[in-house]
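Scroll down for the structure; my scribbles are underneath it.
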Amino acid sequence: MTAGPMTADEMAALQARAYTHMPPWSALALTEMMSSPLALLVTAPNGFALARVVADEAELLALAVDPDCQRQGIARALLVKLEHDAHTRGAETCFLEVAETNGPARAFYATMGYEMAGKRGGYYRQKDGPAVDALLMKKSLTFG
Ligand SMILES: CC(C)(COP(=O)(O)OP(=O)(O)OC[C@H]1O[C@@H](n2cnc3c(N)ncnc32)[C@H](O)[C@@H]1OP(=O)(O)O)[C@@H](O)C(=O)NCCC(=O)NCCS
C-alpha cells in the first residue's frame, strides 16, 4: 500500500532510523493503521506524522524525521498541517504521548504549544533497561 508519496515500507524504514527511544512500527502495523478511516497521515520527503481522529479528539501516534534532515523545520510543518487537517475533521484537542527521556521530542512539542496533561508510569518497555514513563501532552486546536 502506498501512503501518498511514501510507501509503508519507506515509512517504517524512516521511523527505524529516527526512533531511538522506542521500537518503530512495522510496515504492517503502519499499513493497518492507515487503512482505518480514522487515520490522518501527513508526509514530507523526509518525514511523516500519523494520527487518529476520533470525534473531537486527535491523537498523534507517530512522528519521525530522518536524522540527516532534522532541525530544518520539517516536523513543525508536518504537525502544523496535521493539526489543521484534524481540526477540519472536527478535532478540538490533540493528545500525544512522549517518553520522559525523549528530550528532543519534548523540546519540540513544547515549542509547538503542547502542555503536560498527565503521566503514565512504565509505559514504554525497553529491551535493555527499565521501563520509561510516558508524558501525556495536549494542545487545543481551537484557533483564534
Ligand atoms: C522530534 C522530531 C520529530 C523533531 O523533528 P525536526 O524536523 O528536527 O523538528 P523541527 O526542525 O521542525 O524543530 C522545530 C523546533 O522544535 C525544537 N526542537 C526540535 N528538535 C530539537 C532538539 N533536538 N533539541 C531541542 N529542541 C528541538 C526547536 O525549537 C526547533 O526549532 P529550531 O530548530 O529553530 O531551534 C525529530 O527529532 C525526530 O524524528 N525524533 C525521533 C523520533 C521521535 O522522537 N518522534 C517523536 C515520538 S513521540
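Bear in mind that the values in this text are calculations on the coordinates, not laboratory data. Only a predicted model underlies this, so the values are computations on that prediction, with no experimental measurement involved. Note that we place each Cβ from the backbone using ideal geometry, even for glycine, and neighbour counts take in every protein chain shown.
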Quick one: order H87, H21 by neighbouring beta-carbon count within 10 Å, fewest to most. H21, H87
Using DSSP to call loops (not H, G, I, E or B), can you name the GluC sites (Glu not before Pro) in the stretch 1-110 whose Cβ has at most 14 other Cβ atoms within 10 angstrom? E92
Show me, bin by bin at 5 Å from 0, the whole-percent P(r) of the chain based on Cα pairs. 2, 10, 19, 23, 22, 17, 6, 1, 0, 0
Would you compute, for the Cα atoms of the stretch 2-58, the largest minus smallest coordinate along each principal axis and list the three values in descending order, in whole Å? 33, 25, 20
Pair A29, V54: separation of 7 Å Cα→Cβ label points (nm): 1.7 nm
Anyone know which of D68, D128, D85 comes out most mobile in the 10 Å Cα GNM of the chain? D128
